[in-house]
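The next block holds one structure in the form of structure tokens; read it before the comments.
The values are calculated or read from the model by the stated rules, or taken from the named source; none is laboratory data. All values derive from a computational prediction rather than experimental measurement. A quick note on method: Cβ atoms are made from the backbone with ideal geometry, for glycine too, and the neighbour counts reach across all protein chains shown. Calculation scope for accessible area: heavy atoms of the full protein, side chains included, ligands and nucleic acids excluded. Shrake-Rupley method; radii C 1.70, N 1.55, O 1.52, S 1.80 Å.
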Amino acid sequence: MEEATGLRERKKAATRLALHEAALRLAAEQGPDRVTVEAIADAANVSRRTFSNYFSSKEEALFHGDTMRLRRLLELIAEQPADLPPWAALSAAALHEADEMYGDLAGSWLDRRRRLHGNPGLVAHQVAAYTAIERELAGQIARRLAGPDSALRARILAATFLATLRVAVQQWIEQPDHPLADTLRAALAHAAPAAG
């Protein structure tokens, strides 16, 4: 039974990834405004109904990779030593993820993202992907804080950290002369709170 469940989950993950990759490829080729859910489903060799089982919109399919990277980041933050100050824990996790997930990205991924970068119709969805994680991240940060206003401080740190990540990735997409980790390290240093 457990093996069947594992196989089913792997098939679902593979379908979700195929839809995401088809959405990215088509949006880069045709522009995101011209891509339809039907075209994404066709490119991934699934039905429109199957698409709807995985994503509620083409934008959600486009930003699935961002959502997965943010979920992985939450895992990495939770793995940081409990006695590490919040900003140090956040920074260590972000730099680890940059090496783990972005280190081997193919040029085609970067090229596709560059073509989509700054599209006004997608900016709100990208921000939404980060915002969806913000409250969960604030909860993790709050466990590392003590004293008055720890919940407020945690929310501010979470928002600052996620904005820093978003800006660093955008900067790297625009100017990929250096590894993402270098751009991220500089951004995190600039945004570091005085006591964090």
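Below, the figures for the structure above:
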| read-out | value |
| --- | --- |
| Hey, Glu29 farther than 27 Å from Glu136 by Cα, of a type in the set (Asp, Glu) and surrounded by fewer than 18 Cβ atoms within 10 Å (Cβ to Cβ) or not | yes |
| Positions within the stretch 30-54 being within 13 Å of Thr15 (Cα to Cα), of a type in the set (A, V, I, L, M, F, W, C) and assigned to a helix (DSSP H, G or I), in sequence order | Ile40, Ala41, Ala43, Phe51 |
| Members of the stretch 146-160 found to be surrounded by fewer than 18 Cβ atoms within 10 Å (Cβ to Cβ) and not charged (D, E, K, R), listed by number | Ala146, Gly147, Pro148, Ser150, Ala151, Leu152, Ile156, Ala159, Thr160 |
| Residue check for Thr5: modelled with pLDDT of 90 or more and either out of contact with any helix residue (DSSP H, G or I) (no Cβ under 6 Å at 6 or more places or on another chain) or not small (Gly, Ala, Ser) (or both) | no |
| Criterion violated by Arg71 - all others in (1) free of Cβ contacts under 8 Å to residues at least 12 places away in the same chain; (2) within 21 Å of the chain's Cα centre (by Cα) satisfied | (1) |
| So Arg48, is it surrounded by 16 or more Cβ atoms within 10 Å (Cβ to Cβ) and either among the small types (Gly, Ala, Ser) or modelled with pLDDT under 95 (or both) | no |
| Members of the stretch 162-190 that are hydrophobic (A, V, I, L, M, F, W, C) and over 13 Å from the mean Cα position of the chain (by Cα) | Trp172, Ile173, Leu180, Ala181, Leu184, Ala186, Ala187, Leu188, Ala189 |
| Odd one out for Leu73, checked against (1) within 23 Å of Arg155 (Cα to Cα); (2) open to solvent by less than 60 Å² (accessible area, probe 1.4 Å); (3) modelled with pLDDT of 90 or more; (4) out of contact with any Asp or Glu (no Cβ under 9 Å at 6 or more places or on another chain) | (4) |
| Near pairs, Cβ below 9 angstrom, 6+ apart or cross-chain, from the stretch 25-37 (closer than 13 Å to Asn119 by Cβ) to any residue that is of a type outside the set (A, V, I, L, M, F, W, C) and open to solvent by 90 Å² or more (accessible area, probe 1.4 Å) | Ala27/Asp33; Ala27/Arg34; Ala27/Arg115; Ala28/Arg114; Ala28/Arg115; Gly31/Arg115; Val35/Glu29 |
| The lone exception for Arg113 - which of (1) modelled with pLDDT of 90 or more; (2) under 24 Å from Ala186 (Cβ atoms) it fails | (1) |
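A quick yes/no check of all residues on (1) within 18 Å of Leu180 (Cα to Cα); (2) among the aliphatic types (A, V, I, L, M); (3) at pLDDT 90 or above; (4) not in a helix (DSSP H, G or I):
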{"position": "Asp66", "(1), (2), (3), (4)": "yes, no, no, no"}
{"position": "Gln80", "(1), (2), (3), (4)": "no, no, yes, yes"}
{"position": "Asp83", "(1), (2), (3), (4)": "no, no, yes, yes"}
{"position": "Ala92", "(1), (2), (3), (4)": "yes, yes, yes, no"}
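Listed here are the residues, each with its yes/no results for (1) basic (Lys, Arg); (2) at pLDDT below 90; (3) surrounded by fewer than 21 Cβ atoms within 10 Å (Cβ to Cβ).
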{"position": "Leu162", "(1), (2), (3)": "no, no, no"}
{"position": "Arg166", "(1), (2), (3)": "yes, yes, yes"}
{"position": "Glu174", "(1), (2), (3)": "no, yes, yes"}
{"position": "His178", "(1), (2), (3)": "no, yes, yes"}
